[in-house]
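Student: This is the structure I want to talk about, given as structure tokens.
The values are calculated or read from the model by the stated rules, or taken from the named source; none is laboratory data. It should be emphasised that the depicted structure is a prediction, and the values quoted were computed from it without experimental measurement. Quick reminder, even Gly has a Cβ in these numbers, built from the backbone with ideal geometry, and neighbours come from all protein chains shown.
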Amino acid sequence: MSALLDVRGLRKSFGTTEILRGIDFSVAAQELVFVIGPSGSGKSTMLRCCNRLEEPTAGHVFVDGVDLMAKGTDINAMRRRIGMVFQAFNLYPHMTALGNVTLALRKVLGKGREEAEAIGIAALDRVGLKEKAGNYPSELSGGQQQRVAIARALSLEPKIMLFDEPTSALDPELVGAVLGVMRDLKEAGMTMVVVSHEMRFARDAADRIVFMADGQILEQGSPAEIFGNPQNPRTRDFVGELSR
Amino acid sequence: MEIFLFQFLNLDIMRQAWPLILSGAQMTVLLCLAVIPLGLFGGLLVATGSISQWRALRWATKAYVDFFRAVPPLVLLIVIYSGLPFAGIRMSPFMAVCIAFFLNASSFYGEIFRAGVESVGRGQWEAARSTGLTWLQTYRFVVLPQASRNVLPDLVSNTVEVIKLTSIASVVSFTELLYAADMARSVTYNTSPIVLAAVLYLIVLWPVVRLVSRLEHRLGH
Ligand SMILES: Nc1ncnc2c1ncn2[C@@H]1O[C@H](COP(=O)(O)OP(=O)(O)OP(=O)(O)O)[C@@H](O)[C@H]1O
Ligand SMILES: [Mg+2]
């Protein structure tokens, strides 16, 4: 199996409402897949099922060939291979930037303080924030916080990174730096799934665009196909709405 | 006025009673050193139980908290010290006080910790779990530090209450500060030792009460 992420027959219900109604899709190594779709279509839920923050009702998610739903799977061991970046950053406010990055290195990977800090500094350097290592989240701008959050996930050397609207909570002038970091990641060969409304970024960085509506994938293809020549009427409406 | 000074602020009598009062104060400190950590520890257990995903455990902790917050601590202490011997369970005054305070303080501290834990957003749990931390690691390293900071003024206020409440140990003849002062009073037929004890409480607790106000102010309560 060459796919790094493979989602098979994924369903998710909250109570009696079915939010995900059979999702199949896979992401190859080093691919950047963009997920777009109207609000409430289940994009976040789908992404959160990919590291079991949300428990799927049915279906399977394979990461690097390992079935996340299987009984014997150590989900904590898998999660450190799956980086996740949230809309609200979710940095730990009582820890410095470096503390945020090193916590899992120390507690999950069991690294000593010095080694963890060396890795942490390197990760912060990758997102251009080495000199902010000693700052608390409250002392950082939103864009800087989000980059620290990316470093926190990166430091664990994940196989794949999931982004849920990483720039939606940012002031427009801070978006660029975060997208810049994501572009660097892509160039370094990271596999990424990005839920986002940054269509310009989608157009020139994504390998593939997935369009979701009502808990299903209605269409997928290259940016040129989806933006230039969408087949599904819902996609056409959505893309048309955006470019207006 | 003279009678008042003689009866309440008699320095000679205070001087005489001082050694006894000092040893009482030491016992009170000892009691606090046992009872506060016990209460905090129990409170953490209670808070953890009350947010558990197992409904039975949540209900059990809720019943526990309601019960021991409703029972007057003095009644609890007397039942444990004087009532349990009828059931064949006998213990020292110190032991009885520790048990009573554990039950009482843990339910109050527990509610405070629970409020603190609930004040920490779901995003914190999710971020931590997404990096592979276990539930317990997340609770311990991410949630509890923020939770306790958020409810620090309440924790300190409750600790002041616990310290004051240690004086009920006097009813089971544990020679803490109030018991010692009252002994001195009954020997000297003079209230000054009690006043002295009150002053000692004040000296210790007043700065703490000030601290609570400052904390509340800083956290914008
Ligand atoms: N924990 C939950 N309990 C109940 N319903 C939920 C829960 N989480 C999400 N939903 C519902 O599932 C649907 C899909 O939500 P989801 O957040 O996945 O959508 P989305 O595509 O990410 O939307 P948006 O673009 O607004 O972020 C919504 O109708 C939402 O109300
Ligand atoms: Mg969403």
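Student: Just to verify a result, which residue in segment A:150-167, among those that are within 16 Å of ligand 2 (Cβ to nearest atom) and within 14 Å of chain B (Cβ to nearest Cβ), is surrounded by the fewest Cβ atoms within 10 Å (Cβ to Cβ)?
Tutor: A:Glu165
Student: Would you check if B:Phe94 is within 21 Å of the chain's Cα centre (by Cα), at pLDDT below 95 and more than 14 Å from chain A (Cβ to nearest Cβ)?
Tutor: yes
Student: Restrict the check to segment A:81-94 and report whether at least one residue is within 16 Å of ligand 1 (Cβ to nearest atom), touching a strand residue (DSSP E or B) at 6+ places or on another chain (Cβ under 7 Å) and of a type in the set (Gly, Ala, Ser).
Tutor: no
Student: Using beta carbons and a limit of 8 Å, which pairs, at least six apart or on different chains, have the first residue in segment A:30-50 and within 14 Å of chain B (Cβ to nearest Cβ) and without any contact (Cβ under 8 Å) to a residue 12 or more places away in the chain and the second one near ligand 1 (Cβ under 6 Å from one of its atoms) and of a type outside the set (D, E, K, R)?
Tutor: If the second residue must be near ligand 1 (Cβ under 6 Å from one of its atoms) and of a type outside the set (D, E, K, R), no pairs are left.
Student: Do you know which residues across segment A:194-230 are within 16 Å of ligand 2 (Cβ to nearest atom), outside any strand (DSSP E or B) and in contact with a Lys or Arg (Cβ under 6 Å, 6 or more places away or on another chain)?
Tutor: If the condition is that a residue be within 16 Å of ligand 2 (Cβ to nearest atom), outside any strand (DSSP E or B) and in contact with a Lys or Arg (Cβ under 6 Å, 6 or more places away or on another chain), then A:Gly215 is the only one that fits.
Student: Quick check: anything in segment A:133-148 within 13 Å of chain B (Cβ to nearest Cβ), surrounded by fewer than 20 Cβ atoms within 10 Å (Cβ to Cβ) and in contact (Cβ under 8 Å) with a residue 60 or more places away in the chain?
Tutor: no
Student: Same structure again: May I ask you to say which residue of A:Met182, A:Met199 is away from chain B (no Cβ under 14 Å) and within 16 Å of ligand 1 (Cβ to nearest atom)?
Tutor: That would be A:Met199, the only listed residue that is away from chain B (no Cβ under 14 Å) and within 16 Å of ligand 1 (Cβ to nearest atom).
Student: Right, A:Thr57: surrounded by fewer than 17 Cβ atoms within 10 Å (Cβ to Cβ), more than 20 Å from the chain's Cα centre (by Cα) and touching a residue at least 24 places away in the same chain (Cβ under 8 Å) or not?
Tutor: Yes.
Student: Specify which of the listed residues (A:Ala153, A:Ala104, A:Ala118) is free of Cβ contacts under 8 Å to residues at least 24 places away in the same chain and in a helix (DSSP H, G or I).
Tutor: Selected residue: A:Ala118, the only one of A:Ala153, A:Ala104, A:Ala118 that is free of Cβ contacts under 8 Å to residues at least 24 places away in the same chain and in a helix (DSSP H, G or I).
Student: Something else about it: In segment A:13-44, how many residues are acidic (Asp, Glu) and more than 11 Å from ligand 1 (Cβ to nearest atom)?
Tutor: Residues meeting the conditions: 2.
Student: I would also like to ask the following. Identify, by number, the condition in (1) within 14 Å of chain B (Cβ to nearest Cβ); (2) within 16 Å of ligand 1 (Cβ to nearest atom); (3) farther than 17 Å from A:Met192 by Cβ that A:Leu68 doesn't meet.
Tutor: (2)
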